[in-house]
1. 5 Å is the cut-off here: which amide hydrogens, built 1.01 Å from N in the peptide plane, fall below it relative to Ser281, excluding neighbours closer than 5 in sequence?
2. Please say if the stretch 109-222 is rounded, prolate or oblate, where rounded means a/c under 1.5 for a ≥ b ≥ c the square roots of the C-alpha gyration tensor eigenvalues, and otherwise the choice is prolate for a/b larger than b/c and oblate otherwise?
3. What's the magnitude of the charge dipole for the chain around its Cα centre, counting Lys and Arg as +1 and Asp and Glu as -1 at the beta-carbon? Answer in Debye, nearest 20.
4. Going by a ≥ b ≥ c, the root eigenvalues of the Cα gyration tensor, does the stretch 3-103 fall in the rounded group (a/c under 1.5), the prolate group (a/b larger than b/c) or the oblate group?
5. How large is the accessible surface per residue of the stretch 109-222, computed with a 1.4 Å probe and reported in Å² as a whole number?
6. Quick check: net charge around Lys124, other residues with Cβ under 15 Å of its Cβ, Lys/Arg +1 and Asp/Glu -1?
7. Once Lys and Arg get +1 and Asp and Glu get -1 on their Cβ, which of Pro208, Ala185, Thr300 lies farthest toward the positive end of the dipole of the chain?
8. Please report, as a whole percent, how much of the solvent-accessible surface of the stretch 1-108 comes from carbon and sulfur atoms (probe radius 1.4 Å).
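The values are calculated or read from the model by the stated rules, or taken from the named source; none is laboratory data. For clarity, every value in this text was computed on a predicted model and none was experimentally measured. Positions of Cβ are generated from backbone atoms using ideal geometry, with glycine treated the same way; all protein chains shown enter the neighbour counts. Just so you know, the surface numbers come from the protein's heavy atoms only, side chains and all, with ligands and any DNA or RNA stripped out. Shrake-Rupley method; radii C 1.70, N 1.55, O 1.52, S 1.80 Å.
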Amino acid sequence: MPLARILFMIEFDLNKAVQEIKKRKAKNVALQIPEGIKPRLPSIAEEIEKKTGANTISFVDPCFGACGIKDVASKELGMDLIIHFGHTKFVSNESLPTVYIPIEYKADKKAMAFLATKLGDKLKEKNIKKIILCSTIQFKKHRTIVKKELVKKGFEVFEGSGKNVEKGQVLGCNYSGVKAVEGKAEAIAFVGDGLFHPIGLSFAAKKPVFIAEPVQKEVKEIGQEKDLFLRKRIAMIEKAKQAKSIIIWVCTKKGQERMKLAMQLKKKFEAKGKKAYIFTSNLLIPDYIAGINIEAIVSTACPRIAFDDSSLFRQPIINPAEASVVLGEKKLENYFFDELC
Ligand code: SF4
């Protein structure tokens with residue numbers, strides 16, 4: 001979604017941030033903010049400082065999720081509180097008090113009632129009466145309206161509670177809420193934009209997946225997209241099988257760090273006669289490894305990196321679930337989506 005549109009659509013509770021800072025008597029506050037609202041950062045910092053008297057520092061390195069909570073760095077910088085904007089709590093062991101202020105998109109009731117009608121018609125066409133509804137936190141308001149409308153139309157609607165997510169919420173690395181209620185419904189409807197989450201859902205749960213897209217107000221069922229995704233991943237896995245030297249990449253972000261898994265993978269690749277090295281950084285950027293002669297990368301971090309950024313790397317880049325196919329432990333027919341939770 002273009003940045004100007006995001007800025008127009010979003011809403012978040014800055015007052016909650018102010019109240020929490022006052023309540024906790026915080027003097028030095030670290031702000032973490034996702035890319036979409038960075039242009040508002042100066043005014044947010046100014047308002048917080050003016051209303052609370054606290055000092056703020058703002059992290060400006062990219063923040064894609066609460067998995068990247070900056071507790072350790074904030075502590076070292078002498079902060080006593082973190083205000084993390086954009087996402088819900090992800091890790092359970094922050095080393096500094098942290099307040100999460102999720103960012104949600106504004107929802108138009110009439111438009112969402114229209115979207116619910118379109119979704120309802122599509123489900124009726126397919127004779128589906130029981131549906132699991134889910135969304136990212138940004139589209140929570142849209143999901144709430146769609147749910148109400150579907151219930152009015154006689155559908156049975158389920159929203160699952162998962163690990164480290166709110167009821168009905170999914171993350172690119174976490175579909176546990178949907179899986180918790182998988183047996184209760186005949187299909188899944190994702191309220192939101194983009195293909196990444198619907199494709200993830202189609203692997204995580206063995207049910208038809210529909211997208212109810214709130215901006216264009218379109219409804220469609222995932223089909224060819226899943227096959228295309230799988231074909232690309234199979235090509236990547238086949239290339240990785242040929243590699244004699246492999247980087248196992250560990251992310252230093254608290255919620256993405258999987259060091260134990262990386263160690264296990266290194267041993268397994270070495271047992272297959274490959275050279276394997278564990279590399280680590282906060283972000284995986286092609287330039288960081290440009291001069292290193294390595295033939296494949298296994299990213300143990302956010303699953304989106306191997307999927308969304310693969311074209312940036314000259315080597316094939318796969319995730320641990322795909323590495324298990326390369327290692328001969330899993331069969332391609334049982335392809336599953338890498339999840340962190
Ligand atoms: S690991 Fe990736 S998908 Fe999961 S919360 Fe972090 S950025 Fe989002």
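1. The list, which skips near neighbours in sequence, is Val250, Thr252.
2. Values: a/c = 1.44, a/b = 1.26, b/c = 1.14.
Judged from the Cα gyration tensor, the stretch 109-222 comes out rounded (a/c under 1.5).
3. Details: 59 positive and 40 negative charges, 149 e Å.
Dipole of the chain, to the nearest 20 debye: 720 debye.
4. On the way: a/c = 1.63, a/b = 1.19, b/c = 1.36.
In terms of gyration-tensor shape, oblate.
5. Working: 4760 Å² over 114 residues.
I get 42 Å² per residue for this part.
6. Working: positive: Lys118, Lys122, Lys126, Lys129, Lys130, Lys152, Lys153; negative: Asp121, Glu125, Glu149, Glu156, Glu186, Glu221.
It works out to a net charge of +1.
7. Most positive-ward Cα: Ala185.
8. Working: 2900 of 5290 Å².
Taking all protein chains in place, the stretch 1-108 shows 55 percent carbon and sulfur surface.
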